[in-house]
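Heads up: the structure comes next, in structure tokens.
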Amino acid sequence: MIELSYYCLEKTKKDELALTIFRSLMESVQSDDFRNLVDEEAKLSLYFYEQFSEPFEKQPAIHCVIQQEGPSVLPLVLGNGKVIKKRKLLKIRELEKLLHIGISFQCD
């Protein structure tokens with residue numbers, strides 16, 4: 001199983017597109033169609049500290065990084081229990097590689 005989580009301080013304009021794509025993926029990976037296309041199941045999660053801090057405290061890897069580097073290290077990306085990116089969200093190509101899929105999108 002692929003587990004991928006975004007831990008963000010708050011919603012920001014600069015991350016709006018990346019979060020929109022991630023939310024769309026969160027919905028897609030739950031579908032039967034997605035499960036039939038890929039060999040591995042995927043679980044995607046998105047947390048905002050401003051809304052609910054408990055997931056930040058309960059996840060040891062996240063809690064440790066925030067304790068050491070402070071909240072300015074957010075956003076953090078957790079992949080299969082390990083912090084794989086700090087201070088930025090994943091780019092589309094990185095998501096594609098981790099999830100073993102292709103992603104296309106259209107901006108208006």
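No value in this document is a laboratory result; all are computed from the given coordinates. Keep in mind it's a predicted model, so treat the numbers as computed, not measured. Quick reminder, even Gly has a Cβ in these numbers, built from the backbone with ideal geometry, and neighbours come from all protein chains shown.
When the helices in the chain are scored as -39500 (n - 2.57) per DSSP H run of 4 or longer and the sum is shared across all residues, what 222 nm value do you end up with, to the nearest 500 deg cm²/dmol?
-10500 deg cm²/dmol
State, to one decimal in nm, how far the label point of S53 lies from the label point of Q67, with both points 7 Å from Cα in the Cβ direction.
1.5
If neighbour count is taken as other Cβ atoms inside 10 Å, put M26, M1 in order from fewest to most.
Fewest-to-most Cβ neighbours within 10 Å comes out as M1, M26.
Neighbouring Cβ atoms within 10 Å as the yardstick, rank F48, F105 fewest first.
Ordered by Cβ neighbours within 10 Å, fewest first: F105, F48.
Sort V77, V38 so the one with the fewest other Cβ atoms within 10 Å of its own Cβ comes first.
By the 10 Å Cβ count, ascending, the order reads V38, V77.
Roughly speaking, what is the stretch gain from K11 to R87, that is 0.36 nm per residue apart minus the C-alpha to C-alpha distance, in nm to one decimal?
Gain on extension, K11 to R87, equals 26.0 nm.
Provide the gained length on full extension for the span N80 to L98, in nm with one decimal, where the gain is 0.36 nm per separating residue minus the Cα-Cα distance.
5.4 nm
So how compact is the stretch 2-99: Cα radius of gyration and Dmax in angstrom?
13.4, 41
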